[in-house]
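> Mind looking over this structure? Questions follow.
The values are calculated or read from the model by the stated rules, or taken from the named source; none is laboratory data. Please read these numbers as outputs of a predicted model, since none were measured by experiment. For neighbour counting, all protein chains shown are included, and Cβ atoms are generated from backbone atoms with ideal geometry for every residue, glycine included.
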């Protein structure tokens with residue numbers, strides 16, 4: 001275990017432990033491959049842009065890994081209600097069905113487990129707009145990472161992809177550096193998600 005912590009970073013190991021504790025890798029309650037693919041893409045994107053936001057890469061990676069924890073918890077707690085969301089879950093629809101969004105649910109669980117306040121705040125706010133500039137760095141890093149992950153592996157229309165690139169451009173992420181990040185996230189997501197799905201337990 002000490003060698004694993006040294007290699008992955010304590011924040012990432014702690015996040016993998018949290019995933020296992022929530023049953024995300026149990027045979028009976030495991031989330032599907034799409035969950036891990038998205039988590040892997042956001043985690044990878046977050047570490048790649050972490051320096052821009054002055055965030056430690058291990059913290060950024062762990063944040064991306066756990067950002068949708070609440071989604072998995074809501075699905076496990078009320079699978080019938082979760083199935084009513086369909087493929088395009090919205091915060092308003094989650095509030096109607098559960099009385100809480102998946103972002104808030106994930107943040108509350110991590111708060112109870114004594115994760116750092118900025119980490120929990122970023123989880124709670126990861127569907128907010130990337131601006132304004134006064135948004136805390138960890139939150140901005142996660143929001144940017146999710147946008148990049150959607151560009152890399154999401155099913156975006158040309159118009160939505162262009163809008164996503166515009167948002168990132170306003171935050172200084174654009175051009176060839178952005179395209180290299182997208183390509184790397186796309187290339188590495190499958191391998192990372194396989195590791196998380198099998199190794200978190």
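> What helices (runs of 4 or more DSSP H) completely inside segment 1-110 contain at least 1 residues that are within 16 Å of residue 140 (Cα to Cα) and at pLDDT 75 or above?
Fully inside segment 1-110 and qualifying: 33-49, 57-66.
> Among the residues of segment 150-166, write down those that are under 18 Å from the mean Cα position of the chain (by Cα) and surrounded by 13 or more Cβ atoms within 10 Å (Cβ to Cβ).
Hits for segment 150-166 are 150, 151, 152, 153, 154, 156, 164.
> Also, I was wondering about something else. Give the residue, chosen from 60, 45, that is touching a residue at least 60 places away in the same chain (Cβ under 8 Å) and closer than 16 Å to residue 150 by Cβ.
Details: 60 fails: closer than 16 Å to residue 150 by Cβ.
Just a single option satisfies the conditions, and that option is 45.
> Another question, if that's okay. If I ask for residues that are in a loop (DSSP other than H, G, I, E, B), touching a residue at least 40 places away in the same chain (Cβ under 8 Å) and within 15 Å of the chain's Cα centre (by Cα), which ones from segment 113-130 would you list?
126, 130
> Scan 190, 145 and give me the residue that is part of a helix (DSSP H, G or I), within 16 Å of the chain's Cα centre (by Cα) and surrounded by fewer than 20 Cβ atoms within 10 Å (Cβ to Cβ).
The unique qualifying residue is 190.
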